[in-house]
Amino acid sequence: MRIELEKRPNVSALFSILSPFIAFALTIVFGGIMFALLGKNPAAALYSFFVEPLSEVWSLHELAIKAAPLILIGVGLSVCFRSNNWNIGAEGQFIMGAIAGSILPVVFYDWQSPLVLPLMLVLGMIGGAIFAAIPAFLKAHMNTNEILTSLMLVYVAQLFLDWLVRGPWRNPQGMNFPETRTFGADAILPEMLVSGRTHWGFAFAIIAALLVWFMMRYTLRGFEITVLGQSERAGRFAGFSSRRMIWFSMLFSGALAGLAGISEVSGAIQQLRPVISPGYGFTAIIVAFLGRLNPLGIIAAGLVLALTYLGGEAAQLSIGVSDKVTRVFQGLLLFFVLSCDTLIHYRIRVVRERFAALKTDEAH
Amino acid sequence: MPVKGQIASGPLLAVSNLTKLFGSFAACDAINLHIEPGEIHALLGENGAGKSTLVKMLFGVLAPTAGEILWMGDNVRITSPGDARKLGIGMVFQHFSLFEALTVAENIALSMDRSISLARVAEEAARLSRVYGLPLDPNAHVADLSVGERQRIEIVRALLQNPQLIILDEPTSVLTPQEADRLFETLLKLKAEGRSVLYISHRLEEVQRLCDRATVLRHGKVTGACDPRAETPASLARMMVGNDVAVVTPEGTSTTGDVQLEACHLSVAARTPFAVSLKDVSLKVRAGEVLAIAGVAGNGQSELFDALSGEYPVADDNAVQIRQKPVGTKNINARRLMGAGFVPEERHGHAAVSSLSLSDNLVLARNQSDRRAFLGGGFLKIIRQGAVKAAARRISAAMDVRKSGEDPPAGSLSGGNLQKFIVGRELDRQPAVLVVNQPTWGVDAGAASRIRQALVDLAKAGSAVLVISQDLDEIFEVATEIAVISEGRLSDPYPARELSREKIGLLMGGMHGKTEGAGAAHAH
């Protein structure tokens with residue numbers, strides 16, 4: 001007996017919808033097995049990981065705060081990935097956006113104006129876009145692999161931030177802690193709702209998702225992204241330039257990652273620290289794929305992945321396991337999403353004919 | 001098995017009810033076929049009829065789903081090309097599997113037993129190439145050889161195994177008429193030695209000239225077994241296609257109109273190591289004419305198409321002119337806006353995106369030329385699905401595109417139907433200039449005839465049509481004038497009715513003829 005993958009004549013519509021759900025279910029099953037191996041009751045552990053964080057209003061706000069950068073970055077990455085540009089460095093663009101946006105509240109901290117916040121957001125986008133322009137330039141003009149360059153630049157951004165907050169940008173009144181000044185009132189992204197901490201970053205994320213959904217579905221630009229992602233040659237035939245698309249998609253996703261960075265810093269942390277992201281830029285890659293690179297799916301996927309962050313925190317407290325569990329769940333999820341996607345193009349067949357063939361051989 | 005010799009009086013190879021399923025699709029459906037010793041047996045059929053699948057099963061590349069293969073009367077299971085070679089089956093594939101950086105002898109040695117020394121392989125190859133009239137220098141590097149010479153390597157490689165049956169898959173599709181003639185002599189020599197040849201082709205003329213018997217496939221089934229010499233081309237075509245195919249002629253086209261498309265001393269350096277550079281190409285296509293460019297594949301046809309279409313603009317603005325305006329540096333959409341239309345050779349991933357719907361594939365080619373009709377919403381450039389779908393329906397109706405559903409993905413259409421849509425997509429605009437590369441490559445005869453007629457009709461209506469094709473039958477059906485491309489150089493155009501196949505063959509050979517002469521001198 002052997003298992004064969006057989007190519008479907010047409011892409012399965014059923015499995016392209018089901019695949020993320022199957023992946024999520026498998027993640028839960030294997031997560032349960034992992035908890036059991038750790039000596040915890042799987043049902044109780046899974047409950048405190050996935051359900052408890054949803055049971056209170058304040059924790060729902062935390063969910064939205066965590067989901068906002070994931071969705072914002074994921075939406076930008078979906079444009080990149082659909083156009084066959086593999087920006088893996090959103091984490092670095094997130095950090096550079098946060099740094100660029102923080103110039104005003106950290107360096108020009110005594111300037112008070114309602115213009116500060118909008119300018120910070122714009123600077124954040126520019127910072128992220130400029131940092132994404134490096135791999136874009138290298139790919140468009142030197143044919144360099146953007147996966148490697150964008151990934152390596154993440155570490156550059158992380159170390160640059162670390163140097164800034166320990167060096168030139170350290171808070172002079174901060175007892176030598178590696179932190180910048182806390183932002184002034186004008187530099188803080190306000191809360192969206194009266195019920196809790198959710199800031200406007202979540203609204204940015206939803207708006208960005210809706211706009212990109214509209215672009216991909218209805219406009220020639222969206223069509224260009226799809227075509228160039230499927231076949232560069234067909235795109236050239238259509239008069240589209242893959243080089244310009246490298247620039248567009250990288251700058252666009254960089255700008256959204258930068259916006260996510262400055263929103264996170266301005267809305268949730270309100271100062272710069274050596275570490276401002278629990279890996280949002282990388283987790284957003286999972287979000288983009290779990291959401292099928294569809295902006296509306298990415299909203300849902302962003303909420304699911306945000307839950308794994310909250311679950312990790314909860315798991316530390318209530319069941320006493322390391323918050324590395326979060327990483328394990330995210331890894332499992334990405335693994336299963338990618339493998340379940342096989343079902344969209346292939347069907348699985350269990351073949352027993354080999355046995356029969358052997359029998360006829362013996363007959364000779 | 002001592003009985004082998006006695007069974008030589010029966011068929012060498014017999015196939016009964018051989019079936020290959022891909023999913024639910026039967027590529028070969030209960031095929032019956034037998035090949036006698038010492039005969040040249042033709043396997044005829046259109047693209048997609050199941051010929052290649054059948055021979056892949058015979059050569060152990062694919063495993064049959066059902067049915068039997070009898071070799072000299074014994075039921076055999078051929079699970080690998082190695083098995084097939086051991087039995088005595090040799091194969092020359094349509095697409096060669098040679099390492100360009102290695103010499104002829106090294107390439108041959110790769111498929112042989114490791115214990116045989118390179119010198120012996122070279123010696124043996126040289127001997128065989130002499131005996132069978134296949135001039136070949138064992139020490140030449142494959143990269144330096146013409147396509148015809150590369151094919152000889154494959155044939156010599158197959159002959160070294162001393163096979164009883166040699167399978168050739170569309171061997172003449174890459175050869176000039178003269179090279180093909182030489183191949184036929186070799187095949188007749190093999191036959192005289194009592195070896196059998198299974199000759200796969202869709203070219204009726206060759207089959208009638210060469211083959212003793214023919215088996216015709218259509219849609220995976222045997223539709224006829226006959227003596228091709230007793231049949232007419234029309235009756236053979238009927239077995240292949242299933243019905244009579246309309247005859248196309250270039251009648252009514254003329255070269256009296258104004259020049260609409262011109263290339264003027266167009267030279268383009270090769271973009272990649274595998275590309276051909278264009279050398280001083282000049283051509284003129286007038287309103288009302290079809291200029292056909294003949295040539296063996298890989299002599300600069302795609303490079304010429306790229307330069308004329310503007311997918312890769314050239315440095316000299318005057319090198320390409322559309323309607324007497326220089327466009328050399330302009331991109332493809334600028335050229336479309338001046339009234340030109342383009343149909344590239346490769347359907348999937350160039351002329352069309354397989355996963356996108358037909359209407360999306362319409363937007364692909366006409367997003368700028370028809371922006372007033374297809375795009376709305378100002379700078380947002382929203383695609384007007386209604387208008388696009390209506391146009392896609394109109395094209396499908398005009399070209400008789402058979403499809404499942406209203407707006408299916410391009411990849412779900414058969415080659416012929418997709419090509420009809422791709423050509424129709426341009427015809428629908430009534431372009432003043434149309435450039436088509438391999439208009440009916442891999443297309444069934446019915447669709448091919450329809451496409452060719454549409455090209456002739458477009459010229460008759462006053463457009464300038466440039467057809468780049470490897471298919472001489474096609475060229476004679478559509479061309480007012482014919483030029484030949486060889487190694488990136490284009491010959492002068494000749495009126496089609498003054499040209500014979502032999503003359504075209506000589507022009508195609510161009511430089512090839514000379515290098516082959518030199519190669520032959522080496523070998524002897």
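Worth pointing out:
- Under DSSP loop assignment and at most 12 Cβ neighbours within 10 Å, longest chymotrypsin sites (Phe, Trp or Tyr not before Pro)-free interval of chain B: B:275-524
- Cross-link partners for B:K420 among the lysines, with Cα-Cα distance under 27 Å and sequence neighbours closer than 8 places in the same chain left out: A:K7, B:K51, B:K221, B:K284, B:K389, B:K403, B:K460.
- Long-range HN-HN contacts of B:C28 with modeled amide H, under 5 Å: B:K20
- Helix content alone sets the calculated 222 nm mean residue ellipticity of the protein assembly as shown: runs of n ≥ 4 DSSP H residues at -39500 (n - 2.57) each, divided across all residues, give -15500 deg cm²/dmol.
- Working note: Debye formula, equal point scatterers on the alpha-carbon atoms of the stretch A:130-197, no solvent; log10 I(q)/I(0) at q = 0.16, 0.19, 0.29 Å⁻¹ is -0.78, -0.84, -1.13.
- Percent accessible area from carbon and sulfur atoms, the protein assembly as shown, protein chains only, probe 1.4 Å: 59 percent
- For the protein assembly as shown, a simple Cβ point-charge model (Lys and Arg +1, Asp and Glu -1, everything else neutral) yields a dipole of about 1200 debye relative to the Cα centre.
- Estimated D of the protein assembly as shown in µm² per second, where Rh is the Kirkwood radius over Cα pairs and Stokes-Einstein applies at 37 °C, 0.692 mPa s: 104 µm²/s
- 29 Å Cα-Cα reach of A:K139 towards lysines, excluding residues that sit fewer than 8 places from it in its own chain: B:K330, B:K381
- Counting every C-alpha pair in the stretch B:2-241, the share spaced more than 29 angstrom apart comes to 28%.
- Ratio of Rg to Rh for the stretch B:368-524: 1.11 [Cα atoms; Kirkwood radius as inverse mean 1/r over pairs].
- Protein-only accessible surface order, largest first, of B:K86, B:K56 at 1.4 Å: B:K86, B:K56
- Here the mean projected area of the convex hull built on the C-alpha positions of the stretch B:357-419 is 4.2 nm².
- Per residue, the accessible area of chain A comes to 46 Å² when a 1.4 Å probe rolls over the protein heavy atoms.
- Estimated D of the stretch A:1-93 in µm² per second, where Rh is the Kirkwood radius over Cα pairs and Stokes-Einstein applies at 25 °C, 0.890 mPa s: 143 µm²/s
- Surface calculation, 1.4 Å probe, protein heavy atoms: B:K20 sits at approximately 30 Å² accessible.
- Average accessible area per residue (Å²) across the stretch B:2-241 - probe 1.4 Å, nucleic acids and ligands excluded: 42 Å²
- Accessible area buried by the pairing of B and A, both sides summed with a 1.4 Å probe, works out to roughly 2100 Å².
- The residue list A:N84, A:V351, A:L333 was ranked by how far each Cα lies along the charge dipole of chain A toward its positive end, using unit charges on Cβ atoms, and A:V351 comes out on top.
- Förster radius 22 Å - calculated FRET efficiency between A:L18 and A:V350 (Cβ-Cβ, nearest 0.05): 0.65
- Sparsely packed loop sites in the stretch B:22-91 (the GluC sites (Glu not before Pro) outside DSSP H, G, I, E and B with at most 11 other Cβ atoms within 10 Å) do not occur.
- A viscosity of 0.890 mPa s and a temperature of 25 °C, combined with the Kirkwood radius over Cα pairs in Stokes-Einstein, give a translational diffusion coefficient for the stretch A:2-354 of 115 µm²/s.
- Using the Karplus relation 6.51 cos²θ - 1.76 cosθ + 1.60 with θ = phi - 60°, the per-residue 3J(HN,Hα) values for the stretch B:171-183 come to x, 8, 5, 10, 10, 6, x, 5, 4, 4, 4, 5, 4 Hz, with x marking Gly and Pro.
- Most simply put, the stretch B:2-241 has about 55% antiparallel DSSP beta bridges, counting only bridges with both residues inside it.
- Of all DSSP-defined beta bridges confined to the protein assembly as shown, some 55% are antiparallel rather than parallel.
The values are calculated or read from the model by the stated rules, or taken from the named source; none is laboratory data. Because the structure is predicted, anything quoted here is derived from the model rather than measured. For neighbour counting, all protein chains shown are included, and Cβ atoms are generated from backbone atoms with ideal geometry for every residue, glycine included. Note: accessible area is taken over every heavy atom of the protein model, side chains too, but ligands, DNA and RNA are not part of it. Shrake-Rupley method; radii C 1.70, N 1.55, O 1.52, S 1.80 Å.
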